[in-house]
Amino acid sequence: MTDFALRIRDVGKEFRRGSQKEGRIFEWLKGRTPYEYFWALRHIDVDVEPGQMLGIIGHNGAGKSTLLRVASRITRPTEGVVELSGRVGTLLDVGTGFHPELTGIENIQLNAVVLGIPTATIKAKTEEIVAFAGVEDFIQTPLKYYSSGMRVRLGMAVALNLPHEIMLVDEVLAVGDASFREKCLDRISEVTNSGRTVLFVGHNMEMIASTCDEAIWLEKGRLRASGPASTIVQEYQEAAVKDVSAKDGVLSLAGRPDHGSGQLRLTYVRLLDGRGGQVQNFHSGQNVRFAVGFERDPRSSLSAISLGLTLFGHARVAVGQCESTCVTSVFSDLPPAGEFICSIDRLPLLPGRYSMGVKCLQEDEVVHGVPHAGSFFVFEGDFFGTGTLPSPGGGNALIDHDWELSAGDLADLADD
Amino acid sequence: MTMSHLGARSVVVVRPPARFPVPDFGELWDNRAVLWVLIWRNVTQRYRQTFLGPIWFVINPLMRMAVFSVLLGNLAGLPSEGVPYPLFTYAALLPWELFATGVDRGMGCLVSYHHIISKVYFPRLVLPTAEVLTALVDFALSFGILLLMMLAYGFDFSPRIFLLPIFLLLSMILALGVGLLLGPLHAHFRDTSNAVRYLIQFWFYGTPVAYSASLLTDRVPGWAVWLYQFNPMNAVVEGSRWALLGTGRTPDVMMFWSALFALLVLAVGTLVFLRAEQSVVDLA
């Protein structure tokens, strides 16, 4: 028994980038050098203890998947050493290691034998996997006839239910319906609790922060930071603020996909704090305002205008909607240009990245709508006035609430 | 780099590709279950969406035998060393097909299994080995037909038939060696399969499958005969005929040398394959 599950020492992976459009001989005759080389990974050091869940974050092309491939021995590193203590199960993208011509059951068996699992164990595990994936009726059907959802479920079921000591998972949790995702997350925490190790590549920062112990942050193939998952996720998100299009707190709507009758155009969204000062990001519990600028076609006659502002969390899951009709505000006699201002007293959002959509309606008809109006960050703040916020993983919304202790049960309370 | 079974953990060390890799036989042995699953898959899958199913195993060599018998045996009247011509060709065609299918499948496996090898690890040598052994399964079925034909023609079986496995083994060694040698090339340049198709054709006519070796050896100078007989497939085909029908060439020292050459091909092929397998996944 070793004191590590995975040890990565100064690992680098160099790839060759070459065009293969026409026959190589023609490129050769034209005197083109067919290849250029680049490092997809360089100088990576990672230690993972048994039973740890390590999150791997970074932008697209940062080398996350390459790292998993090297760690799972699918491809060799160009330099450095990887040491693995235990069997490695890999789940790279959808339908890993799955052969479209093979039936569901044959695929399970192939995956199991590749992991070196004894035949008797395979038989017992197969039923478990089939039940987990919920594909009982299709188990004798070749995989190519599966729906993509079924393929994902089977892939997850295999990865999560076969006994291996190290599990490498690449973003697959992003797919599948909510209940299945939940089932998988439960299973992953069971797996880590039983002493197995999980490496998890993901883009869902809330999930990384809530489920992983440690995290590493890759940037352009280099290790930018490593440490406790929540710390790394926060650093990563703060760095990402710079990438958000909010220049000095103004999100221009020009050039964004839009729709509507065009009698009025929404032109920008300004982020304001409670005193009306322009800001680039918000804090939980802060008094905030969204100022939506507009220009009206002077020839048009608009009346009974209402506004809608929708806030989205990760993966564009809607968090909530501010509709002016719900709060009695319907606007008439618009000036040729101006701003609609939406105020929120105590911003009920957990820290994270949010995006929004805005629309302007006349009765039920959309005058102008911009579904992707840009994004902003919410940082930690004192929503409850207690200096604490709920732990991540429980959704994006902050709910104003109270807890109290009662000696009896509810029936007693009713009697009083 | 052996992986243990449940419980005990052993440490696997992954290093950059070696310049002269050697096969890890322990790891291969640990993965024998993968081999069986792949062979089973190959056998059951090949004819899954067909009408005649596994009957094709038998039809393919029978059709070729029929073509040769009519064209070469009847029309051209080629001599067949006192054996009925269909039997004469079929006995040689089977070990030849074992070789040719083995090369074809073994060579293509890095490409045809790309979606698996790019996602899970197991020693890649298992793949071409499974392909060649699959060709042996094909052979076994057609061999049943051959035995029936021999009975029908009233042929006596001699105990020499027990030496047949030696020649089949030689055929598979060569098939695996050539497949390993060409597989990586095929992964880099898909036109390899086009070129190899012609290579196999030439090889076929350079081997006494459809005609009697004496047709050539009687007419060409000694060095050409030497070259002709150095071809390990010559040893396979002539040896198989000898073991089954009593004609052909009695095993001699030349067969030994060509067998040694086949082993050399296998060794070089293994080295080439192991070097290539470390990077072939990156080709995509």
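The translational diffusion coefficient of the range B:183-252, from Stokes-Einstein at 20 °C and 1.002 mPa s with a Kirkwood hydrodynamic radius over alpha carbon pairs, comes to 157 µm²/s. For the range B:76-150 versus the range B:245-265, the inter-centroid distance based on Cα atoms is 19 Å.
For the range A:307-416, the equivalent ellipsoid derived from the alpha-carbon gyration tensor has semi-axes of 35, 20, 13 Å in decreasing order. Rounded to the nearest 20, the Cβ-based charge dipole of the range B:160-284 about its Cα centre (Lys and Arg +1, Asp and Glu -1) stands at 200 debye.
Counting only DSSP H runs of at least 4 residues, each contributing -39500 (n - 2.57), and dividing by the residue count of the protein assembly as shown, the helix-based mean residue ellipticity at 222 nm comes to -13000 deg cm²/dmol. The Rg/Rh ratio for the range A:118-160 is 0.97, where Rg is the radius of gyration of the alpha carbons and Rh is the Kirkwood radius. Positive end of the dipole of the range B:8-91 (Cβ unit charges, origin at the Cα centre): among B:PRO23, B:ALA76, B:ALA66, the Cα lying farthest that way belongs to B:PRO23.
Computed from point charges on the beta carbon alone (+1 for Lys and Arg, -1 for Asp and Glu), the dipole magnitude for chain B about its Cα centre is near 560 Debye. Counting every alpha-carbon pair across the range A:118-221, the share separated by more than 18 Å comes to 52%.
Considering every alpha-carbon pair of the range B:239-284, the percent of pairs per 5 Å bin, from zero through the bin containing the longest distance, is 5, 19, 13, 14, 12, 10, 9, 8, 7, 4, 0.
Counts of other chain beta carbons within 10 angstrom of each beta carbon in peptide A:72-79 average 6.
Modelled label positions at B:VAL11 and B:TRP226, each set 7 Å beyond Cα in the direction of Cβ, lie 5.5 nm from each other.
Most tightly packed first, judged by the mean number of other beta-carbon atoms within 10 Å of their residues, the peptides A:70-76, B:237-243, B:255-261, A:351-357 read B:237-243, A:70-76, A:351-357, B:255-261. Across the range A:36-89 the C-alpha pair distances fall into 10 Å bins from zero in the proportions 19, 57, 22, 2 percent. Selection among A:ILE139, A:GLY277, A:ASN161 by position relative to the dipole of the protein assembly as shown gives A:ILE139 as farthest towards the positive end (Cβ unit charges, Cα centre). The mean number of Cβ atoms from other chains found within 10 Å of a Cβ in peptide B:121-130 is 2, as a whole number. Placing unit charges on the Cβ atoms of the charged side chains and taking the dipole of the range B:139-284 about its Cα centre, the candidate lying farthest along the positive direction among B:GLY154, B:LEU170, B:GLN229 is B:GLY154.
Using the alpha carbons alone, the radius of gyration of the protein assembly as shown stands to its Kirkwood radius in an Rg to Rh ratio of 1.13.
Taking 23 Å as the limit for the C-alpha separation, the pairs A:LYS144/B:LYS119; A:LYS64/A:LYS123; A:LYS13/A:LYS220; A:LYS64/A:LYS125 exceed it in the case of A:LYS64/A:LYS123; A:LYS64/A:LYS125.
Residues considered: A:TRP403, A:TRP39, A:TRP217. Largest GNM mean-square fluctuation over chain A, using C-alpha springs under 10 Å, is found at A:TRP403. Across the range A:352-379, the residues whose backbone nitrogen lies under 20 Å from the label position 7 Å along the beta-carbon direction of A:SER303 are A:360-368. Among B:PHE273, A:PHE138, B:PHE68, the ranking by other beta carbons within 10 Å of each residue's beta carbon, starting with the fewest, stands as A:PHE138, B:PHE68, B:PHE273.
Coupling constants for the range A:398-405 follow from the phi torsions by the Karplus curve (6.51 cos²θ - 1.76 cosθ + 1.60, θ = phi - 60°), and in residue order they are 9, 10, 5, 8, 8, 10, 9, 9 Hz; glycine and proline get x.
If you take the alpha carbon atoms of the range A:368-407 and fit the smallest convex hull around them, that volume is 152 Å³ per residue.
The ranking of A:CYS326, B:CYS109 by Cβ neighbour count inside 10 Å, starting from the fewest, reads A:CYS326, B:CYS109. In terms of other Cβ atoms within 10 Å, A:LYS144, A:LYS125, A:LYS220 run from fewest to most in the order A:LYS144, A:LYS220, A:LYS125.
Kirkwood radius and radius of gyration were both taken over the C-alpha atoms of chain B, and their ratio Rg/Rh is 1.00.
Calculated over the range A:247-384, the projected area of the Cα convex hull averaged across directions stands at 8.3 nm². Summing Cβ point charges (Lys, Arg +1; Asp, Glu -1) relative to the Cα centre of the range A:240-349 gives a dipole of roughly 180 debye. Computed from label points 7 Å out along Cα-Cβ, the spacing between B:TRP257 and B:ASP24 is 4.0 nm.
With semi-axes defined as the square roots of five times the eigenvalues of the C-alpha gyration tensor, the equivalent ellipsoid of chain A measures 45, 30, 23 Å, largest first.
Every number in this text was worked out from the coordinates using simple rules, so none of it is lab data. Remember, it's a predicted structure, so these values are computed and weren't measured experimentally. Reconstructed Cβ throughout: ideal geometry from the backbone, glycine too, with neighbour counts over all protein chains shown.
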